[in-house]
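Notes follow once the structure below has been shown.
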Amino acid sequence: MICHGCKSQNTHMFLSLGSTPLANAFLREEQLATTEPSYPLDVYYCNDCGLVQIGYLVPPELLFPENYPYVTSMSQTMKAHFADLVDSIVSEHSPSKDGIIVDIGSNDGTLLSNFLKYDYKVLGIEPATNIARLAIENGVDTVSVFFGEESAKKVREEKGQASLILGTNVFAHVGDLDSVLRGVTHLLSDDGMFVIEFPYLVDMAEKMEFDTIYHEHLRYFAVRPLVVLFERFGMGIVNVKRTSVHGGSMVVYTKKGSDSSAPSVVQAIELEKKAKLDSLKTYESFSKSVATVKTQLRELLQQLKDKGATIAGYGAPAKGNTLLNYCEIGTETIDYIVDSTPFKQGCYTPGTHIPVVDESRFHSTPPDYALLLAWNFEEEILRKEDQFQQNGGKFIRPIPKPEII
Ligand code: DWN
């Protein structure tokens, strides 16, 4: 397989999660009888630049259709996180007001809306039209298009250059990285900044976050391979900062014409070396541990079912569908899944066909156990569902090691 980052063919498959339906392809009732498309979900390591990536690229229009179900603002944690990120960018970097601020994969405008109080001109780029509509209703100017070299030229013609371009949880998602980076360098002013955030490979490896592997996530980034990638486009990483969202993420600040010698960059690369992310053995060991988590989770849930317990899922994240499909957990174990997202309520999970219902079901007929599929929001969810626990209900954390909380 050709590396998405450095274009080398010196890649090696270390994990296969089978052939699975798309993690956000929730089904309506009338679709249950139809055959669901499924695609290989195999993960590769590049022996040359160290990039971890999937081998089969599903066409973006299938991954991000007009009725995409994920909405950023469904989580207070993410709303607070993006407000903090914007405030820190404005206070530390003061992007020029001569340019616009662009967010690639802007979803419902949650991040960009934080720039409005600073009187910046903002533009969201969101391919899913149903989500772009939410952003526009939220007062965030948004165009529904895939970001790349062509759309960047059009934005620059119509709106001028950008003093800041953001891409949170999107840099791992874009099919043609080269086109995106050509678009960024064209649209961004010479003293502008391009800021990306992504789930960090060190956290993923350490915390067994294999469920974040699905077809929307083409790559699983560490800083070292990104240095190689940005250099190909005359850009350098001027700072990196770890954050706690989505199981542990990294914010990377890049500029044109810079090098990547900042202390925080050097420290991150040293951390990655210490975590042995530059060794194929690390990934082969990760792959073995993934199989162990599957065995342990199935055993734990079976023990509870054998005692006559009822189990529901809490949160219907995309990652939850990787977990359920790979671990072969379905309606024989999970009665239903609650989720606060209206787009997902009344649907069924891809592959496993578990009904997704609104959270009132969780309060009216609480289960004995709740499998925390949205484990990255554990603090927010356990705080919200304190009464469930007071009444004897128990949450189950699936990773890094399945356990009853
Ligand atoms: O990269 C991506 C991340 C940022 O978001 C996208 N590829 C798709 C999506 O991934 P995800 O679906 O795994 O994201 P979340 O944010 O972990 O999904 C959490 C789910 O849990 C949402 O459907 C909302 C739901 N939820 C809930 O029902 N009650 C969340 C909270 C906090 C709650 O209290």
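Does Thr292 qualify as being modelled with pLDDT of 95 or more and assigned to a helix (DSSP H, G or I)? Answer is yes for this residue.
Of all the residues in the range 173-202, those that are within 14 Å of the ligand (Cβ to nearest atom) and open to solvent by 10 Å² or more (accessible area, probe 1.4 Å) number 4. Glu61 meets all of the listed conditions (1) within 14 Å of the ligand (Cβ to nearest atom); (2) modelled with pLDDT under 95; (3) under 20 Å from Gly175 (Cβ atoms) but one, namely (1).
When the residues of the range 9-53 are filtered to those that are small (Gly, Ala, Ser) and open to solvent by less than 20 Å² (accessible area, probe 1.4 Å), which remaining residue is nearest to Val174 (Cα to Cα)?
From the range 9-53, those small (Gly, Ala, Ser) are 16, 18-19, 23, 25, 33, 38, 50; that's our starting set.
Now narrow it down to the ones that are open to solvent by less than 20 Å² (accessible area, probe 1.4 Å): 23, 50.
Values: Ala23: 16, Gly50: 19 Å.
Among those residues, the one meeting the criterion is Ala23.
Mind telling me which of the residues Asp358, Asp386, Asp368 ends up being more than 25 Å from Ser38 (Cβ to Cβ), more than 25 Å from the chain's Cα centre (by Cα) and within 13 Å of the ligand (Cβ to nearest atom)? Explain how you work it out, then say what you get.
Details: Asp358 fails: more than 25 Å from the chain's Cα centre (by Cα); Asp368 fails: within 13 Å of the ligand (Cβ to nearest atom).
Being more than 25 Å from Ser38 (Cβ to Cβ), more than 25 Å from the chain's Cα centre (by Cα) and within 13 Å of the ligand (Cβ to nearest atom) holds for just one of Asp358, Asp386, Asp368, which is Asp386.
Output the residues belonging to the range 203-220 that are part of a loop (DSSP other than H, G, I, E, B) and more than 12 Å from the ligand (Cβ to nearest atom).
Here is the first cut: in the range 203-220, the ones part of a loop (DSSP other than H, G, I, E, B) are 207-209, 213-218.
Matches in the range 203-220: Lys207, Met208.
In the range 50-83, how many residues are part of a helix (DSSP H, G or I) and closer than 17 Å to His217 by Cα?
Quick first cut of the range 50-83, residues part of a helix (DSSP H, G or I) only: 60-63, 72-74, 76-83.
This time we only want the ones that are closer than 17 Å to His217 by Cα, so: 60-63, 72.
Final tally of qualifying residues: 5.
Test Thr77 against the stated conditions and say whether it is in contact with a Phe, Trp or Tyr (Cβ under 6 Å, 6 or more places away or on another chain) and either open to solvent by 30 Å² or more (accessible area, probe 1.4 Å) or more than 16 Å from the ligand (Cβ to nearest atom) (or both). Before you say what the answer is, go through the steps one by one.
On the way: in contact with a Phe, Trp or Tyr (Cβ under 6 Å, 6 or more places away or on another chain): yes; either open to solvent by 30 Å² or more (accessible area, probe 1.4 Å) or more than 16 Å from the ligand (Cβ to nearest atom) (or both): yes.
In short, yes.
Taken over the range 314-329, the criterion of being open to solvent by less than 10 Å² (accessible area, probe 1.4 Å) and either touching a Ser or Thr at 6+ places or on another chain (Cβ under 6 Å) or away from the ligand (no atom under 15 Å from the Cβ) (or both) is satisfied by Asn321, Leu324, Cys327, Ile329.
For every residue, the table says whether it meets (1) within 24 Å of His246 (Cα to Cα); (2) open to solvent by 30 Å² or more (accessible area, probe 1.4 Å).
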position	(1), (2)
Thr349	yes, no
Pro366	no, yes
Asp386	yes, yes
Phe395	yes, no
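When the criteria are applied in full, Ser340 fails the requirement of being without any contact (Cβ under 8 Å) to a residue 40 or more places away in the chain, surrounded by fewer than 19 Cβ atoms within 10 Å (Cβ to Cβ) and within 14 Å of the ligand (Cβ to nearest atom).
Can you find a residue in the range 304-313 that is within 16 Å of the ligand (Cβ to nearest atom) and surrounded by 19 or more Cβ atoms within 10 Å (Cβ to Cβ)?
Within the range 304-313, the subset within 16 Å of the ligand (Cβ to nearest atom) is 312-313.
The next check asks that each one be surrounded by 19 or more Cβ atoms within 10 Å (Cβ to Cβ); those that pass are 312-313.
Yes, the range 304-313 has at least one match.
The values are calculated or read from the model by the stated rules, or taken from the named source; none is laboratory data. Every value quoted in this text rests on a predicted model; they were computed, and no experiment measured them. Positions of Cβ are backbone-derived with ideal geometry, glycine not excepted, and every protein chain shown enters the neighbour counts. In case anyone asks, the SASA skips ligands and DNA or RNA and just uses the protein heavy atoms, side chains included. Shrake-Rupley method; radii C 1.70, N 1.55, O 1.52, S 1.80 Å.
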